[in-house]
Amino acid sequence: MEKKTKIEAIFMLLIIVILGIFAAQQAYVSAHEIPNSIATQYKGNESGATQIHVIGAQWSWTFIYANGTKSVDNLTLQANTTYQLVVTSQDVIHDLYIGHIGVQIYAVPGQTNTLTFTTPNHPGQYFFECVEYCGKDHYLMRGIMTVT
Amino acid sequence: MSTLSILIETTVILSVVFVVLAYLYYKLSTAKMSLSKAADAKGYEDSESYVTDMMAGKPRRLDWSILYMNDSKSIGLRFIFASLIFLFIGGAFGVMMRLSLTEPVPTIIQPEVYNVLLTEHATIMIYLFTVGMSLGLGFYLIPTQIKAVRDNMGNITSVAFWLYLVGGIFFVISRSAFRWYLYPPLSLQLAPYGAGSDAWLGILAMELIFIGISMASIVALKIIFLDRSKEVPLSRLPLFTWSIVFTLIMLISSDPPIMVALGMLFYDYFNPVFFTAGSHNVLLFTDLFWFWGHPIVYIAILPFFGIIYELLPRFSGTKIYSYNSGVFGLGLLMVLSELVWGHHLQNSGLGLNWDLFFSIASFAVVIPSAITVFNWIATLWTATSIRLTTPMILVLNGIIDFIIGGITGVMLANTSVNEILHGTYAVTSHFHYVFVGISLGITLAAFYVLFPTFSGGRTYDERLARWNAYLVAFGSLLMSTSWAIGGWLGMPRAVDGYFAWFQPYQVGAIIGGVIIGIGMLVFLYNIAVSWWKAPSTDMDNIIENPPEIPSDTSGGAIGGGR
């Protein structure tokens, strides 16, 4: 084998090994070991999580809690509790994003997406926003999530 | 907007268009007459074959005759200069958007206008600037590189160019606000608060652009494969030609889905059946779109990889390290580009299996990219004398920006990380690293190299050109890095206002964006002033007439296949 070809082969193998490690790690993390801080959209409601229905509309988020109360652009949750969001949309595609706890889920009209996550174990305030462009006042489609 | 103001606006636009068309027709008819006289004097039956014999394959300068001559070089010049004009329009829109974000609330630009600028910046830059520049450089350089023996379908390419141009102009005046990926049902809201009142015109304009660029691509592939001289076999095709081949195959194999989807979207204006909430099919459009939408971002950079492959040997006095791995890397990028569209749709409810498939396919894209970057670095490593001219500075900056942009990009592909970064400025920073570094930077490099030819033997001011290169490089780094930091902290993109907490990162990006704008004004000034001077050199350029490169026994012939 030529020297040039050998160098290239070693380089490619190195890249493939590094990528393989990352791919295996992320498959493992996504499918088995869900870190507490990172939400998962793939599990059903096995853990008996509290359901919250979320409806996106131009340009506000409506949250309907398990006991039937509603709130707009304002989400109040209890610390260290597992919640399941059931997300849909009234008009166009939206995307609920609570960055600091790793929650992101599309709100698609005519379709329901679910996502399970656990709130942090200490009180605090976080913001949530719509991150899928949805018309004129897209930037105002945001609010505060309070963990008590 | 009232009916009266719409009428006034339409009348003004139509009158301007009419005056411009009348002037062009006058220019065209008189020039055509002189051309046929010249052909008669040389004893030619028709002016077409005169053009083919006298012009094809020769360096071509810019003048009015490119508008009516249908040889590849003229059409290439048309595409190059039209896309440069679109670059400045789109760039101005980008800088205006940045300037509006100095405060957390909308300042000089209200949301309706901001959303139009957002849409037009992206669409102009991707569909009109990068694709137009790829086709332009392809049509301009390839007949020389493959020593074309025939050049006979120029009338079709000419139609393709005018479709592309008319589509571009219609898109700009449609003032639509559905972003470049026009997700329904938003794009079906024909109102100022939704997609814009004239968004239907934007959709027709996109369809025109797609028809134009597909026609031009097919003709370009025909030139490369059927009109090639026997002296240039496929195994010795220059790397730039290979990059154009892969780009065009990618383009014509992936744009049928979006053309069909746009047709269905247009039908939905009259009879909403396809992409409305009731059909439960809203996400179908996003799949059809991204099946094209991912390849398009590779279409926007692959030709510029080809230009880097052409420029590196010229300025480093050596051959490309490995011709074969260069072709392999570009080809593998083409194949993988068609398999990763789903990573734009993570979190939309594709499910774990598909998310993992698309995520790992996106990881695989690193392999051809790394081969390509390794090839460039190895070329520089083995170089004997590197000349740091302005194009070379831009090439080096492009390589660095591509490495940074690639690494930040592969981070986004991870499903868990994607949940935090999707829809934030981290994504914007990733593709601006790559697009400003590769698409814009290498366009400038190629333009500087080709400038003596375009201008008929004039030279640009080297000092101003360096300032342009440094300003664009620094501005891009500052802008994209501010976005990257903000994005990792959760700063959403595509917004006209933001939480005040994010202001430092926005201000960093504003300064960076304005610096890029100033850099491009320096470029414009330099070109305008240089064009004014008297010609001082010959029309040759080093891409079309490469200097002798010391021969190397291994690998294919690089450097224009000579």
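The values are calculated or read from the model by the stated rules, or taken from the named source; none is laboratory data. What you are looking at is a predicted structure, and each value in this text was computed from that prediction instead of being measured. Ideal geometry is used to build each Cβ from the backbone, glycine not excepted, and the neighbour counts take in all protein chains shown. The area values use the complete protein model at the heavy-atom level, side chains included, leaving out ligands, DNA and RNA. Shrake-Rupley method; radii C 1.70, N 1.55, O 1.52, S 1.80 Å.
I'm checking my understanding of the structure. Among residues of region B:214-237 that are open to solvent by less than 60 Å² (accessible area, probe 1.4 Å), out of contact with any Ser or Thr (no Cβ under 9 Å at 6 or more places or on another chain) and not in a loop (DSSP other than H, G, I, E, B), which one is nearest to B:Gly132 (Cα to Cα)? My answer is B:Ser214.
Residue pairs whose Cβ atoms lie under 8 Å apart, sitting 6 or more positions apart in sequence or on different chains, and linking a residue in region A:4-26 that is at the interface with another protein chain (Cβ under 9 Å from one of its Cβ atoms) and farther than 23 Å from B:Ile320 by Cα to a partner that is part of a helix (DSSP H, G or I) and not hydrophobic (A, V, I, L, M, F, W, C), are A:Ala23/B:Ser359; A:Gln26/B:Ser359; A:Gln26/B:Thr415; A:Gln26/B:Ser416.
Yes or no, residue by residue, for (1) open to solvent by less than 50 Å² (accessible area, probe 1.4 Å); (2) modelled with pLDDT under 90; (3) assigned by TED's automatic domain parsing to the domain that holds A:Arg142:
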position: A:Met12; (1), (2), (3): no, yes, no
position: A:Ala24; (1), (2), (3): no, yes, no
position: A:Ala27; (1), (2), (3): yes, yes, no
position: A:Gly56; (1), (2), (3): yes, no, yes
position: A:Trp59; (1), (2), (3): no, yes, yes
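Working carefully through the options B:Asn414, B:Asn397, find the one that is within 22 Å of A:Asp95 (Cα to Cα), open to solvent by 20 Å² or more (accessible area, probe 1.4 Å) and touching a residue at least 40 places away in the same chain (Cβ under 8 Å). Testing whether each residue is within 22 Å of A:Asp95 (Cα to Cα), open to solvent by 20 Å² or more (accessible area, probe 1.4 Å) and touching a residue at least 40 places away in the same chain (Cβ under 8 Å) leaves just B:Asn414. Scanning region B:483-525 for residues that are under 23 Å from A:His138 (Cβ atoms), β-branched (Val, Ile, Thr) and more than 14 Å from chain A (Cβ to nearest Cβ) returns B:Val507, B:Ile510. Filtered by the rule that a residue be modelled with pLDDT under 90 and within 24 Å of B:Tyr183 (Cα to Cα), region A:110-133 gives A:Gly110, A:Gln111, A:Thr112, A:Asn113, A:Thr114, A:Leu115. The residue that is farthest from the other protein chains (Cβ to nearest Cβ), counting only those in region B:155-207 that are open to solvent by 10 Å² or more (accessible area, probe 1.4 Å) and polar (S, T, N, Q), is B:Asn155.
Listed here are the helices (runs of 4 or more DSSP H) enclosed by region B:20-124 that have at least 3 residues being open to solvent by less than 30 Å² (accessible area, probe 1.4 Å), within 14 Å of chain A (Cβ to nearest Cβ) and under 23 Å from B:Ala445 (Cα atoms), and there are none.
Could you tell me whether A:Val17 is assigned to a helix (DSSP H, G or I) and at pLDDT 90 or above? For A:Val17, the condition - assigned to a helix (DSSP H, G or I) and at pLDDT 90 or above - is met.
Among the residues of region A:92-107, those identified as modelled with pLDDT under 90 and not in a strand (DSSP E or B) are A:Gly99, A:His100, A:Ile101, A:Gly102. Being within 7 Å of chain B (Cβ to nearest Cβ) and either at pLDDT below 90 or open to solvent by less than 30 Å² (accessible area, probe 1.4 Å) (or both) is the requirement here; does A:Val87 meet it? No; evaluated as a whole, the condition is false for this residue. Taking the criterion of being open to solvent by 10 Å² or more (accessible area, probe 1.4 Å), facing chain B (nearest Cβ under 10 Å) and farther than 17 Å from A:Phe63 by Cβ, the residues of region A:100-130 that qualify are A:His100, A:Gly110, A:Gln111. The helices (runs of 4 or more DSSP H) found wholly in region B:408-473 and carrying at least 1 residues that are away from chain A (no Cβ under 14 Å) and within 22 Å of B:Trp488 (Cα to Cα) occupy B:425-434. In region B:537-562, the residue that is modelled with the highest pLDDT out of those that are of a type outside the set (D, E, K, R) and out of contact with any helix residue (DSSP H, G or I) (no Cβ under 9 Å at 6 or more places or on another chain) is B:Pro550.
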